[in-house]
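First comes the structure, then the notes that go with it.
A short reminder: the numbers here are calculations on the coordinates, not readings from a lab. Values in this document were obtained by computation on a predicted structure and should not be read as measured data. Using ideal geometry, Cβ is built from the backbone for each residue, glycine included, and neighbour counts are taken over all protein chains shown.
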Amino acid sequence: MKISYNWLQQFINTDWPAEEIGKLLTDLGLEVEGIETYESVKGGLKGIVVGEILTCLPHPNADRLKITTVDIGPQILQIVCGAPNVAQGQKVPIATIGTTLYDENGEAFKIKKGKIRGEESHGMICAEDELGLGKSHDGIMVLDKKIKPGTLLTEIFKVENDQVFEIGLTPNRADAMSHWGVARDLKAGMAQKKQNVHLVTPSIGNFHIGNRSNKISIEIQNNELVPRYCGLTISGIKIKASPMWLQNRLRAIGIIPKNNVVDATNYVMHGLGQPLHAFDAEKIADKKIVVKTLPQGTKFTTLDGVERELNEKDLMICDGNKALCIAGILGGLNTGITENTTSIFVESAYFNPVSIRKTAKRHGLNTDASFRFERGVDPNITGYALKRVALLIQEIAGGDVSSDLDDFYPKKIEDFQVFLSYDKINKLIGQKLEENTIKSILASLEIRVLNVTESGMGLDIPAYRVDVHREIDVIEEILRVYGYNNVAFTKKLNASIANSSKFDDHKLQNSIGDQLVAQGFYEMMANSLTTASYVSLDESLAKENSVHLLNPLSQDLAVMRQSMLFSGLEAISYNLNRKNSDLKLFEFGKTYHKTETGTTEKKHLTLLLTGNRSPESWKTPSEKVDFFYLKGCLASILEGLGIKGASFSPIQTGSFAEELQVHVQKTKLAEFGPVKRSITKYFDIEKEVLFADLFWDEILLLAKKQKTKFIPLEKFPRVRRDFALLVDEALSFGEIEEIARQSEKRLLKEINLFDVYEGKNLPDGKKSYAASFIFSDENKTLTDKQVDKIMSKLQTEFETKLKATLR
């Protein structure tokens, strides 16, 4: 939101510099993000003086150029000019050497001494568009002959210089959406600094009804959507450009002037915070205004030329035959003010903020009026603002008020009452504030004290403070005006220690995150909003289970994600397109699902891998990530959480080409495998992508049940023996491991598969597993005899139960 310093001074009498005001406004919660300089004429006409043309002769080397001598007071200059209207005796604006001018695109250029077709030129005789004083470029600008040569042009044309505050207004501060609102806050802040300033309210004492010749009746069909509506007509006006002072005010805050009536409504809106709208009264059928809703699907063309389809809940301003305006948002194409308009109907209203906000969202409209209405304007200045704009229109466009001011306000919006406790103030602020200080701050905020007791005060909150309805809101107001920087800090530091479990979610997340980063993974964070069509890529997902947003920003962000795979593939695709081909990503996040009983959220940890395991190096060959590498990553995560006894079983679901599920007893903890080619192709990914989905909620519950057990380091050496077993092709190594551990539970510590062979020199349907067996005894050194006995027993078990033979 832009606030003009010069405009602000019309409401509050202060000579504080803009920088100091900016600091105070920021302290008050109206954060000033920057202060820009505004000039009504770019460059401020610096270096431009009045000159008198003494001679004007044809250029010897160019038919269309003239050589002039110009008196600028202290000296006489020779200037070459190509304007068709240049003549001897004229008083003209001269840009002297070194002056900076601006072209039509705002690009700066400097006037330099030069030669034009062989003749020296020491300046430039300017047209009005070259100075920013108009748009004409038919010839040079000719000034009054009475002006003395050498007079600065700034003395003739008033250039307004202003400083504009860019305020990052938070949505709750509806009271500060105008220059008047900012001035009101500034007065409260300055009072705390012992600067007593007064607010100046524009007078409406001259408002009067000239005649009642142009009466337009008003009908309100829904008082809940339109708590207050005012209107009047003004006849005999003349549409033309606004005076320069008004144009400068609007341009300073980034508004392009249109005509005197529209500019007047914009001026009052940005000045007082009350949106207004003017209709061409001659285009209002039956001399009647009806505020109502229209049937679903009704077509309406707005001022921007777009035909819109109305919702049955959209509040409309209509006449006897047709819709004129989307209430509080945007006017219609055919009822706006034109150069032929001679009489107008002006409305000033308080519309239901929720209704305006929903309508604006439905139609994707965001106007200055809707910005204010949907946050809540002051219902008590509706009539005052209408009188103010009527007086301004009469001043700059002429005419008379030609009807009564109709004010429909059946149920007054009352002020809000709150009881403020002294103890609550002191407890929250951390220090005791004097009662007089509190009363002074409340008075500066226009909050009335109704009664005072030993424990607190009864307060009356103005209706325009839509963000102050609770005791805590009042305390926040007191504190921001008192000044957060004025709250004393004690040298004593108090701290409390909370008892937290080592199995808290965030602690385990940090632990596993550190572990994955150490393995070369990068953490990613994706949006929980995603594209609705993604669910069709996975047969296990259903469209009816998607949680849809009521007002999505776009169709790409229309639903909450049911799977974290697709947002991960978007990240993979993005990186691959930028030549980041070796990726190991992980993400903690949630998925969202609609069920018969409502909606649910599930937390996940996902891993995504593609490319090589590690960066290229001359010392080690490149090795691609594969299914078994991903399995090892999952095993290390479970091991890091102390979860043991995990089993892996094959299964086939919608997202994976091949898949294993991880179980501990009957609890499914994860599923992983390579992503289907059809899915990766959808995201323009040609490489194989491996994906693991860990169900974090279940893992968290299981991790909490695990007991930490400390085992001393082994004192005696380990013994290793190897077997090369010839087994059936369908046999998995897991069966060998299971039999081995059942046969020797005490001394067998580790089993490792270090080679698998299938091919020549083996019988059909057979393959070879080479495995190592590690033995250890906690109490003594094992002998060869003991180990040989165990290996013999294992061999017998393998031969008996698996029909395996030694190679």
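For this structure, a couple of remarks:
- The chain: relative contact order as a whole-number percent, Cα under 8 Å and 6+ apart: 8 percent
- Here the peptides 156-166, 213-223, 327-337 are ranked by packing, the mean other Cβ count within 10 Å, and the order with the highest first is 327-337, 156-166, 213-223.
- Taking the Cα centre of the stretch 627-689 as origin and assigning +1 to Lys and Arg Cβ atoms and -1 to Asp and Glu Cβ atoms, the resulting dipole is close to 160 debye.
- The mean sequence distance of close C-alpha pairs (under 8 Å, at least 6 residues apart), as a share of the length of the stretch 192-278, puts its relative contact order at 16 percent.
- From most to least packed by mean Cβ count within 10 Å, the peptides 583-590, 53-60 give 583-590, 53-60.
- Of the residues THR437, THR453, SER563, the one whose Cα sits farthest toward the positive end of the charge dipole of the stretch 428-582, with +1 on the Cβ of Lys and Arg and -1 on the Cβ of Asp and Glu, is THR437.
- For the stretch 741-773 versus the stretch 167-239, the spacing of their alpha-carbon centroids is 87 Å.
- Computed from Cα atoms alone, the Kirkwood hydrodynamic radius reported for the stretch 107-190 is 18.1 Å.
- Degrees between helix 565-576 axis and first principal axis of the chain (Cα, 0 to 90, nearest 10): 80 degrees
- For PHE656, residues with placed amide H under 5 Å, excluding near neighbours: LYS676
- Here the Debye sum runs over all C-alpha atoms of the chain as equal scatterers in vacuum, and log10 of I(q)/I(0) at q = 0.05, 0.08, 0.10 Å⁻¹ comes out as -0.53, -0.97, -1.18.
- Multiplying the residue separation of SER136 and LYS715 by 0.36 nm and subtracting their alpha-carbon distance yields 198.5 nm.
- Principal-axis analysis of the Cα atoms of the chain puts helix 382-397 at an angle of about 50° to the longest axis.
- When you restrict to C-alpha pairs under 8 Å that are six or more residues apart and normalise by the size of the stretch 751-803, the relative contact order lands at 28 percent.
- Theoretical ellipticity at 222 nm over the chain - DSSP helices of four or more residues, -39500 (n - 2.57) apiece, nearest 500: -7500 deg cm²/dmol
- For ILE461, residues with placed amide H under 5 Å, excluding near neighbours: PHE416, GLN417, VAL418
- All Cα-Cα separations within the stretch 494-595 were binned at 10 Å from zero, giving a P(r) of 13, 33, 29, 19, 6, 1, each value a whole percent of the pairs.
- Check: the chain dipole with +1 on Lys, Arg Cβ and -1 on Asp, Glu Cβ, in debye: 1360 debye
- Cα centroids of the stretch 298-365 and the stretch 395-470: 33 Å apart.
- Surface/4 of the Cα convex hull for the stretch 487-535, nm²: 8.6 nm²
- Using the average count of surrounding beta-carbon atoms within 10 Å as a protection proxy, the listed peptides 733-742, 272-281, 256-265 rank, highest first, as 272-281, 256-265, 733-742.
- Pairs of C-alpha atoms in the stretch 301-400 farther apart than 17 Å represent 57 percent of all such pairs.
- In order through the stretch 529-540: 3J(HN,Hα) via Karplus (6.51 cos²θ - 1.76 cosθ + 1.60), integer Hz, x for Gly, Pro: 8, 8, 7, 4, 6, 4, 4, 5, 7, 10, 5, 7
- In summary, the stretch 507-655 shows an alpha-carbon radius of gyration equal to 1.18 times the 2.2 N^0.38 Å reference for compact globular proteins.
- For the stretch 176-189, Karplus couplings with θ = phi - 60° (6.51, -1.76, 1.60), whole Hz, Gly/Pro x: 9, 8, 7, 5, 4, x, 5, 4, 4, 5, 4, 4, 5, x
- The distance from the alpha carbon centre of the stretch 520-578 to that of the stretch 1-41 is 44 Å, rounded to a whole number.
- Under the Karplus curve 6.51 cos²θ - 1.76 cosθ + 1.60, θ = phi - 60°, whole-Hz ³J(HN,Hα) for the stretch 320-332, x wherever Gly or Pro sits: x, 10, 8, 7, 10, 6, 7, 3, x, 10, 7, x, x
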